[in-house]
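First comes the structure, then the notes that go with it.
The values are calculated or read from the model by the stated rules, or taken from the named source; none is laboratory data. The shown structure was predicted, so the numbers you read here are calculated from the model rather than taken from an experiment. Note: ideal-geometry Cβ built from the backbone for every residue, glycine included; neighbour counts use all protein chains shown. In case anyone asks, the SASA skips ligands and DNA or RNA and just uses the protein heavy atoms, side chains included. Shrake-Rupley method; radii C 1.70, N 1.55, O 1.52, S 1.80 Å.
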Amino acid sequence: MDRPRITIFDTTLRDGEQSPGCSMNVQEKLRLAQQLDRLGVDVIEAGFPIASDGDFEAVQRISASVRRPIIAGLARACKGDIDRAWEALKDAARPRIHVFLATSDIHLKYKLRITREQCLEQAREAVRHAAALCSDVEFSPEDATRTDVPFLCQVAEAVIAAGATTVNIPDTVGYTMPEEYGQLIRTLLEKVAGIEKVTISTHCHNDLGLAVANSLAGVQEGARQVECTINGIGERAGNASLEEIVMAMRVRRDRYPYEAGIASEHIFASSQMLAEITRVPVQPNKAITGRNAFAHEAGIHQDGVLKNPLTYEIMTPQSVGVPDSRLVLGKHSGRHALALRCEQLGYPFERRELDEVYRRFVVLADRIKKVQDSHLLELIEEVKAAGGKKIPPAGATIPFARVASATAGAGEVRPLPFPAAVSGAPGSISFSDHHSDQEDYLWGV
Ligand SMILES: [Zn+2]
């Protein structure tokens, strides 16, 4: 069974980050890029380097530290932008320069004030320059879906000849319809010389709520890359949602016989992390990642789901990493429950790292009673940021007294100083004794 592989191009950090209220700092972008790596996306569009120093730095740092996926940087079709993008990307294991230029008459006339001939020439020149720097070049004719089709074909042909390896077809304004978009992809495949050598990509906006449907229509007609974002964030009504595209292809494999390299069990954690970083909550009824996406309220549904989940569930919550809702984490939760939830959130910890997470968890749980995933993600991040030095050597100990004093104050949670105790001090409990039930349940209570 040879299913075509679909490249998942995530632009949460670029198109998504451009949307109101979703801006992120360099640290936050780096954190999210690491999560996108865990999620298994093929391409991370890390930013638009010429746009700001922050964007430049984010692209540079992500390039240096996230090594598996392709890292893309956006550039307008001019030398300055392309050089700046390359400067930010050049340390990436697999860099990609993404060049764009509007091609619709309305954009040419009112925004760029250039003719079609000038547009064609500029696109060709820009791609040639980018291809001289980097072997992986994507070109996007902005507003492609409102571009005269024969002219779009001409542009595509020119940029392929100039060295583009991916041709993206943006529905920049969210105007197209599924059949129409599919037809456009088919026309490009039929009419453009050299198109078989490159990857055709979709980039759909959600102004009419059709971004995912349009993307899938594009895939059915031969597009092999999909550009999308976590939670569908992006300009105006947003971009096509990664989780919806991936799960549509997975749940309806019969209609969409394609493969994507996404580890779907990391979807929920990615969504949560993005919402937590941007403080933009996910709409409760959002498909796949919304709070209510797997909630069954109606009695008859609950009854059905309890008898057999397949009565009302087309996919399991576990398949997208939604934690078991019956599992509520509080101070009486043991290490095993905590380890399980961490794993569900995308953080499989080894024993000694878990010690540190658990220690902080107990302190926090004592204060806020019910530990939500967002709290846990924050806490995990603290532990990760603290790095290996905070992780105790096996056999180190910590006194009850110290834990108790940290929980006693009504103020903020203070991270415990570490190493916190002297081995063998009275009232201490051994870190190495991981299987003791007593240790599991009595800490910090
Ligand atoms: Zn866009």
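For this structure, a couple of remarks:
- Convex hull volume of the Cα atoms of region 166-209, normalised per residue: 60 Å³.
- Each residue was assigned an accessible area with a 1.4 Å probe, and for Leu379 the value is about 10 Å².
- Cross-link table Lys79/Lys111; Lys29/Lys331; Lys90/Lys197, entries beyond 28 Å C-alpha to C-alpha: Lys29/Lys331
- Accessible-area ranking of Arg255, Arg5, Arg96, Arg38, largest first, probe 1.4 Å: Arg255, Arg5, Arg38, Arg96
- Surface share of carbon and sulfur [accessible, 1.4 angstrom probe, percent] for region 215-259: 41 percent
- Remark: accessible surface ordering of Leu112, Leu89 (largest first) is Leu112, Leu89, probe radius 1.4 Å.
- Extension gain, Ala385 to Ala237: 0.36 nm times the residue separation minus the Cα-Cα distance gives 49.9 nm.
- Alpha-carbon centroids, region 190-214 and region 306-385: separation in whole Å: 38 Å
- Per residue solvent-accessible surface (Å²) - region 326-374, probe of 1.4 Å: 45 Å²
- FRET E, pair Glu190, Ala161, Förster distance 22 Å, beta-carbon r, rounded to 0.05: 0.80
- For the pair Asn25 and Ser135, a Förster radius of 30 Å applied to the C-beta separation gives a FRET efficiency near 0.45, rounded to the nearest 0.05.
- The residues of region 122-227 expose on average 35 square angstrom of accessible surface per residue, using a 1.4 Å probe on protein heavy atoms.
- Each part reduced to its alpha carbon centroid, region 243-263 and region 60-105 end up 28 Å apart.
- Near Gly47, the amide H atoms lying under 5 Å from its own belong to Leu74; only residues 5 or more places off or on other chains count, and H is placed 1.01 Å from N.
- Highest mean packing comes first when the peptides 229-237, 287-295, 368-376 are listed by Cβ atoms within 10 Å, giving 229-237, 287-295, 368-376.
- Inter-part distance where region 106-158 and region 1-52 are each reduced to a Cα centre, Å: 24 Å
- Inter-label distance for Glu179 and Lys369, nm, one decimal - labels placed 7 Å from Cα along Cα-to-Cβ: 5.6 nm
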